[in-house]
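Reviewing the structure listed below.
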Amino acid sequence: MSVPAQSQPPVQAHAERQPAPPCALVMFGASGDLAKRKLIPALYNLAAASFLPDEFAVVGVSRSPMSDDEFRQKMIQDLHTFETGTLDPRRVEWLKSRLSYMSGDLDQPETYERLRAALAAADEKWGTRGCCLFYLAVPPSQFAAIIRRLGDARLTCEESGSWRRVVIEKPFGHDLESARQLNHDIREVIEETQIYRIDHYLGKETVQNILAFRFANGIFEPIWNRRYIDHVQITVAETVGVESRGAYYEEAGALRDMVQNHMFQLLALTAMEPPISFAPDVVRDERVKILRAVRPLAPEDVLRETVRGQYDAGVVNGKQVAAYRREKGVASTSAVETFVALKLYVDNWRWADVPFYLRTGKRLPRRVTEVAIQFKRAPFILFRETPVEQLEPNMLVLHIQPDEGISLSFEGKVPGPVMRLGQVRMHFQYSDYFGTTPETGYETLLYDCMAGDSTLFQRSDLVEVGWGIVMPILDVWSALAPRAFPNYAANSWGPRAADDLIQADGRRWKDNG
């Protein structure tokens with residue numbers, strides 16, 4: 001059953017938003033993958049939607065020697081390669097004119113003095129009013145050192161009404177201790193209000209719409225609790241392997257790469273209490289409360305309620321693909337997990353005894369990110385003298401990618417003289433109703449950074465609480481080598497133990513076939 005696209009006039013997203021305030025964007029790591037694949041296309045999309053101010057400039061910083069013209073040509077060439085919609089030549093030229101570049105060693109103070117001069121020149125030419133957003137598209141090992149150098153050069157000082165903010169990409173730390181140390185080192189230089197820890201998952205429209213769906217509709221929030229919900233499943237499945245990220249994955253693994261950040265953010269948004277407003281810290285307070293309420297895992301819980309897997313060779317789209325241990329940069333005896341499944345409980349009044357099942361993995365059959373809320377079954381007593389053998393539970397699914405939307409399944413009577421039930425599915429897709437907007441997932445986040453809205457960004461306590469949840473798992477897994485890696489074939493839904501985990505509770509994973 002489709003939701004008719006013409007039933008209501010569409011509400012334009014961000015209809016009341018104004019262009020971001022005047023500012024300069026400094027991209028550290030400007031010659032890297034993130035800049036060309038995501039940041040430049042996102043900036044173009046913002047410009048095309050009139051969300052960037054005329055008083056705007058971009059200063060690229062990297063080690064690679066390049067002139068301004070060479071940098072501009074490279075960025076525009078990359079934009080044409082990775083664009084997400086039709087390019088308007090006038091907007092392309094508008095963005096191109098605001099690009100400049102400087103090369104330098106990020107460990108040397110002289111680089112930051114030259115950056116100061118470059119920002120002054122951009123301010124004089126474009127009127128950025130001394131406001132600056134520093135985007136650290138660099139390896140995590142460089143975060144603290146770059147911020148310290150920025151502080152030494154007084155580039156983080158907010159003077160005469162100007163603002164200075166720093167955007168940090170994940171991963172934020174490697175474990176709880178390193179995350180705490182990184183938070184400490186950064187806050188010695190800048191205030192928490194200047195730090196924007198970015199998680200691109202929260203830039204996805206459907207993730208943000210979890211809040212709108214829950215709190216703008218009177219029919220769902222009253223049943224969003226343990227009285228009506230049986231359990232929640234959160235799935236982040238990828239069809240690809242580690243590709244060129246083998247060396248990184250050997251240091252991270254699926255638990256660090258996906259669960260501690262992306263999946264915990266989905267969990268927090270799904271389970272949080274209604275905030276008293278959408279003020280940034282009010283929303284972030286509620287998110288961190290949920291993660292604080294996650295029941296700690298004892299070592300025996302880790303053995304019983306978590307599963308790790310590693311993909312073997314298999315056939316994907318008719319082609320043979322290699323096992324994880326045969327990927328470039330991966331050790332031939334690697335014990336790193338490419339699949340994780342776990343069961344968690346949120347010990348508060350709303351969610352007491354409701355299990356949250358999380359799973360994520362690479363080389364799975366379908367690319368999908370979704371939150372599935374399964375409701376408790378209706379009493380069967382009315383149907384005991386009918387041909388109906390059992391009642392299927394209702395399920396609400398928030399589809400986050402690749403097809404953004406919401407679906408609801410429920411039982412309906414099959415036409416005819418006999419009482420028979422069939423499952424009906426109502427499905428809503430954002431593209432059908434609101435149309436599509438070219439996006440990379442970074443547009444909203446970049447705009448919010450410029451506007452000073454930290455709602456969708458991680459605060460230091462949220463990061464540390466997330467690490468606190470996974471540390472018992474990491475400790476047990478590091479102490480006990482996996483028994484049977486690789487333990488699932490490429491193009492399968494993970495190891496058998498993941499099915500056993502949920503089936504032991506009389507439940508099953510939502511059909512993703």
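Some points to look at:
- When the stretch 465-497 is filtered for residues that are buried (at least 20 other Cβ atoms within 10 Å of the Cβ) and more than 23 Å from the chain's Cα centre (by Cα), the ones remaining, listed by number, are Trp477, Phe485, Pro486, Asn487, Tyr488, Ala490, Pro495.
- Scanning the stretch 214-244 for residues that are among the basic types (Lys, Arg) and surrounded by fewer than 16 Cβ atoms within 10 Å (Cβ to Cβ) yields Arg226, Arg227.
- Within the stretch 271-290, the residues that satisfy the criterion of being surrounded by 22 or more Cβ atoms within 10 Å (Cβ to Cβ) and either charged (D, E, K, R) or touching a Phe, Trp or Tyr at 6+ places or on another chain (Cβ under 8 Å) (or both) are Ala271, Arg287.
- If only residues of the stretch 259-304 that are over 25 Å from Asp453 (Cα atoms) and among the acidic types (Asp, Glu) are counted, the one that is farthest from the chain's Cα centre (by Cα) is Glu300.
- Test result for Phe172, in a loop (DSSP other than H, G, I, E, B) and either under 20 Å from the mean Cα position of the chain (by Cα) or within 30 Å of Met258 (Cα to Cα) (or both): yes
- Cβ-Cβ under 9 Å pairs, at least 6 apart or on other chains, the stretch 490-513 side touching a residue at least 60 places away in the same chain (Cβ under 8 Å) and farther than 11 Å from Arg359 by Cβ, far side of a type in the set (Lys, Arg) and part of a loop (DSSP other than H, G, I, E, B): Ala490/Lys362; Ala490/Arg363; Asn491/Arg363; Ser492/Arg363; Gly513/Arg366
- Strands (runs of 3 or more DSSP E) enclosed by the stretch 305-380 - at least 2 residues per element that are within 25 Å of the chain's Cα centre (by Cα): 306-309, 339-345, 355-361, 368-375
- Some residue of the stretch 192-213 being assigned to a helix (DSSP H, G or I) and of a type in the set (D, E, K, R): yes
- Residue match in the stretch 48-55 (condition: among the hydroxyl-bearing types (Ser, Thr, Tyr) and at negative phi): no
- Filter result for Glu404 (over 24 Å from Arg483 (Cβ atoms), surrounded by 14 or more Cβ atoms within 10 Å (Cβ to Cβ), modelled with pLDDT under 95 and in contact with a helix residue (DSSP H, G or I) (Cβ under 7 Å, 6 or more places away or on another chain)): yes
- Those residues of the stretch 33-72 which are of a type in the set (S, T, N, Q) and farther than 15 Å from Gly441 by Cβ, in sequence order: Ser50, Ser62, Ser64, Ser67
- The C-beta contact set for the stretch 228-253 (first residue over 23 Å from Leu266 (Cα atoms), second residue basic (Lys, Arg) and surrounded by fewer than 19 Cβ atoms within 10 Å (Cβ to Cβ), distance under 9 angstrom, 6+ apart or interchain) comprises Glu243/Lys328; Ser244/Lys328; Gly246/Lys328; Ala247/Lys328.
- Scanning the stretch 130-150 for residues that are at pLDDT below 95 and not hydrophobic (A, V, I, L, M, F, W, C), we see that the one that is nearest to Ala30 (Cα to Cα) is Pro139.
- Checked against (1) closer than 21 Å to Asp54 by Cβ; (2) out of contact with any Ser or Thr (no Cβ under 7 Å at 6 or more places or on another chain); (3) crowded, with 20+ Cβ neighbours inside 10 Å; (4) of a type outside the set (Asp, Glu), Ala137 meets all criteria but (1).
- Residue match in the stretch 149-160 (condition: farther than 25 Å from Gly104 by Cα and assigned by TED's automatic domain parsing to the domain that holds Ala118): yes
- Boolean, Lys36 is part of a helix (DSSP H, G or I), surrounded by fewer than 21 Cβ atoms within 10 Å (Cβ to Cβ) and either outside the structural domain of Arg129 (by TED's automatic domain parsing) or in contact with a helix residue (DSSP H, G or I) (Cβ under 6 Å, 6 or more places away or on another chain) (or both): yes
- Residues of the stretch 121-141 that turn out to be within 20 Å of Ile198 (Cβ to Cβ) and either assigned to a strand (DSSP E or B) or in contact (Cβ under 8 Å) with a residue 60 or more places away in the chain (or both), as a count: 8
- Matching residues in the stretch 151-169 - criterion: being free of Cβ contacts under 8 Å to residues at least 40 places away in the same chain and in a helix (DSSP H, G or I): Gly151
- Residues in the stretch 230-258 that are in a helix (DSSP H, G or I) and among the acidic types (Asp, Glu) were compared, and the one that is nearest to the chain's Cα centre (by Cα) is Asp257.
- If you check Glu273, Glu300 for being among the acidic types (Asp, Glu) and within 25 Å of Ala497 (Cβ to Cβ), only one passes: Glu300.
The values are calculated or read from the model by the stated rules, or taken from the named source; none is laboratory data. Note that the structure is a prediction, hence the values are computed from the model and not measured. Every residue, glycine among them, receives a Cβ derived from its backbone with ideal geometry; neighbour counts consider all protein chains shown.
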